Structures are given as C-alpha cells and as structure tokens.
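The values are calculated or read from the model by the stated rules, or taken from the named source; none is laboratory data. Just so you know, these numbers come straight off a predicted model, no measurement behind them. Don't worry about glycine lacking a Cβ; one is built from the backbone with ideal geometry, like all the others, and counts go over all protein chains shown. Quick note on the areas: whole protein, heavy atoms, side chains included, nothing else; ligands and nucleic acids left out. Shrake-Rupley method; radii C 1.70, N 1.55, O 1.52, S 1.80 Å.
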Amino acid sequence: SQSYIYKTNRSGIITKIGIENLRIDIVNPYNQSPTVDGDENHHAQDAVLLGKIEDAWVRHCTTLHFVQSGFKTSIATRVTIDSCSAIDPVSIITGERRYNFNTYTASQLILFSNCYARYARHAYVSNGTSSVSGIVFYNCISEGSYNSSEGHRLWSQGMLYDNFMDVNTKVSSSSYVLGLYNRGDYGSGHGWAAVHSVAWNCTTGASRIIIQKPPTAQNYAIGCAGGVTGSGPFGGSQGYVEGTNQPGLNPSSLYRAQLAERLSSTTGVTRPEVSTPEN
C-alpha cells in the first residue's frame, strides 16, 4: 500500500517531568466519607494524568477515591510509574470506571513496576486501541478485582505482564483475572484486544488466565501459576502456552532479562546466559 512520511508537530509536548512522594485523596466536598459503590458524580475521573509527555516518571505516590484512573497515560512515551498505589475507586461497578493503571491513547514504552491496585475492574489495562504499544506491568499486584487486567480493545500491541499477581479477587474462580484475548462485541466492539503480548511468570490462584491467538499474530503465557486456557468469551484458538504451574522459570523475569541484555549491549558487559522459548 501507499506509504507516507509526516513531520511530527511537537508543540506542547513536555519532557523530563517527575512526580514523587505524593498522596492524592479525592474527597467529596459534600461528604467527607466517600463510599465505594456510589457518589461518583462528586469525585474526579482521574488522579494523575500524564498527557502529551515524554521521558517522565511517577514514584512512591498513592491515589485514592478516583472514578476511572489512579494513573493514566495519553499521548505519552517513555514513562515509568514505579512503586505506586491506586486504591479504593469511588464508582458503581460498570464500564468506563475503575481502570486503576490505565494506558490510554498513544501510550508507548510505558513501564509500571512494583505497583498495587485495589478494588479495580481492570486494574492494569491498555485502553487506547492500536495506538498503545510496548507496555510493561512488572511485579504488580491487583487485590480485590472485579474484572480482569488485560489488553482491553482493538489491537493493543506488545504488552508484557511480568510477575503479575492477582489476590483476593471478587470474580468467581471459574472466571478470569488476566486476559490476552478476543473481546468480541464487548463495550464499543473491542475485538482482538491484545496481540504479540506475553504473560510471564504470573500468579492468579484459582482464577484463569485467557491466552488466545489473534489472526496474523500471537500471544504467550510462559511459566504462569493458575489456570491457563484458550477458552474465552469469544472464539479464538489457544495462544502459545508453556510451563504452566511449573516452578523455577528461568529467567524469572522477562523484562529484567531483556533489560540486562540491552544494557550489556551498550556497555560491553557480558550478560548471564538464560534459556528462552524456541517459539
């Protein structure tokens, strides 16, 4: 097909922004005791929004009582959100709410590490369609989730859930808490929601992980603990699954192994040998 080259308009892009050591509690001015299930009209949608931004970070911050997102990226590149908590949203339990850590439109090369979500619907999620790519959720925990962390809609690419853990879930054990799969006509017609994406060394207890193979692409579940299946709410064959419920995965973190390899290639330091899947 015809190709085009465009010069990027960088007006308004901000860079090298850091937010550290904040506690952001969104309080209803009419009621100082917010409830978990309602009162959403008197609470901000988002607590921290990183928009039109490059080379930025958030560290050691806690957000409470938002409606949609504790931390949200949009038109964002090379952003790290580390050791942060997004807890206790204030909303009814339905769509467009409780995406505690949310990568929205044009989010690329975003790292979430050592983060904690509580009472989310989609705790760690891509919500920006095919403009979202290169997202890592490393060593993150979701507690008391009402739904799954997942690629959410329309061909989000290159997502990695690495050492993700879901605990004390509110979904039934027959349901799922992590998904790289076909969402069919859910929502606005979400379709194949994640492609070329990986669940690595994730733990979901008695709940399931859904891994399906999209057309022309693949998704992977390597060394995960829990029930891994290709059976989802909509059709699709099982993706690549290996080492389920087998301890001792090497490397224990795909993100850390790839980071070590990249750093060794720039410094000349020999990297340790690690085994990797053939396919």
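Set Lys and Arg Cβ to +1 and Asp and Glu Cβ to -1, take the dipole of the chain about its Cα centre, and tell me which of Gly51, Gly12, Phe66 lies farthest positive. Value computed over the given set: Gly12. Normalised per residue, the accessible area of the chain is 47 Å², obtained with a 1.4 Å probe and no contribution from ligands, DNA or RNA.
Determine the distance separating the Cα centre of segment 43-66 from the Cα centre of segment 183-216; give it in Å without decimals. Segment 43-66 and segment 183-216 have Cα centres separated by 25 Å.
Of the accessible area of the chain, computed with a 1.4 Å probe over protein heavy atoms only, carbon and sulfur atoms account for 49 percent. Taking amide H positions as modeled 1.01 Å from N, with prolines and chain starts lacking one, the residues under 5 Å from Val90 and 5 or more places away or on another chain are His65, Phe66, Val67. Think of the chain as a dipole: +1 on every Lys or Arg Cβ, -1 on every Asp or Glu Cβ, centred on the Cα centre; then among Asn100, Ser133, Val198, Ser133 lies furthest on the positive end.
Computed with a 1.4 Å probe over protein heavy atoms only, the accessible area of Thr63 comes to about 0 Å².
Among the trypsin sites (Lys or Arg not before Pro) found in segment 134-184, those both in a DSSP coil and sparsely packed, with 16 or fewer other Cβ atoms within 10 Å of their Cβ, are Lys170. Charge dipole of segment 1-140 (Cα centre as origin; +1 on each Lys and Arg Cβ, -1 on each Asp and Glu Cβ, all else neutral): 460 debye, rounded to the nearest 20.
Heavy-atom accessible area with a 1.4 Å probe sorts Met159, Met165, largest first, into Met165, Met159. Which whole-number percentage describes the relative contact order of the chain, with Cα contacts under 8 Å and a sequence gap of 6 or more? For the chain, the relative contact order is 10 percent. Considering only Ser148, Gly189, Gly232, the residue lying farthest towards the positive end of the dipole of the chain is Gly189, judged by Cα position with unit charges set on Cβ. For the residue pairs Lys72/Lys170; Lys52/Lys170; Lys16/Lys213, alpha carbon separations beyond 30 Å are given by Lys52/Lys170; Lys16/Lys213.
If you take the square roots of the eigenvalues of the alpha-carbon gyration tensor of segment 202-268 and sort them as a ≥ b ≥ c, do you get rounded (a/c under 1.5), prolate (a/b over b/c) or oblate? It comes out oblate by the Cα gyration axes. Taking only the C-alpha atoms of segment 9-146, Rg followed by Dmax gives 14.3, 45 Å.
Dipole check for the chain: with +1 at the C-beta of Lys and Arg, -1 at the C-beta of Asp and Glu, and the Cα centre as origin, the magnitude is about 480 Debye. The region of the chain that goes longest without hitting one of the GluC sites (Glu not before Pro) in a DSSP loop, each with at most 16 other Cβ atoms within 10 Å, is 97-272.
Taking the chain as a Gaussian network of alpha-carbon nodes connected by springs under 10 Å, the highest mean-square fluctuation of the residues Gly18, Gly144, Gly236 belongs to Gly18. Within segment 128-249, all pairs of alpha-carbon atoms sorted by distance into 10 Å bins from zero give the percentages 15, 50, 32, 2, 0. Here Tyr186 sits with roughly 80 square angstrom of accessible surface, probe radius 1.4 Å.
Just checking the listed ones, Pro215, Pro233, Pro251: in the Gaussian network model of the chain with Cα springs under 10 Å, the one fluctuating most is Pro215.
Working note: Debye formula, equal point scatterers on the alpha-carbon atoms of segment 55-132, no solvent; log10 I(q)/I(0) at q = 0.17 Å⁻¹ is -0.58. When the surface is traced with a 1.4 Å probe over the full set of protein chains, Arg10 keeps roughly 120 Å² accessible.
Tell me the volume per residue, in Å³, of the convex hull enclosing the alpha carbons of segment 62-103. That works out to 57 Å³ per residue. The C-alpha atoms of segment 92-162 occupy a region whose extents along the principal axes are 28, 25, 13 Å, arranged from largest to smallest. Close amide-amide hydrogen proximity is noted between Val198 and Met159, Leu160, Tyr161, Tyr220, each under 5 Å apart and 5 or more residues distant or on a separate chain (H modeled in the peptide plane; Pro and chain starts excluded). Shape descriptor for the chain: Rg over Rh equals 0.97 (Cα atoms; Rh from the Kirkwood inverse mean 1/r).
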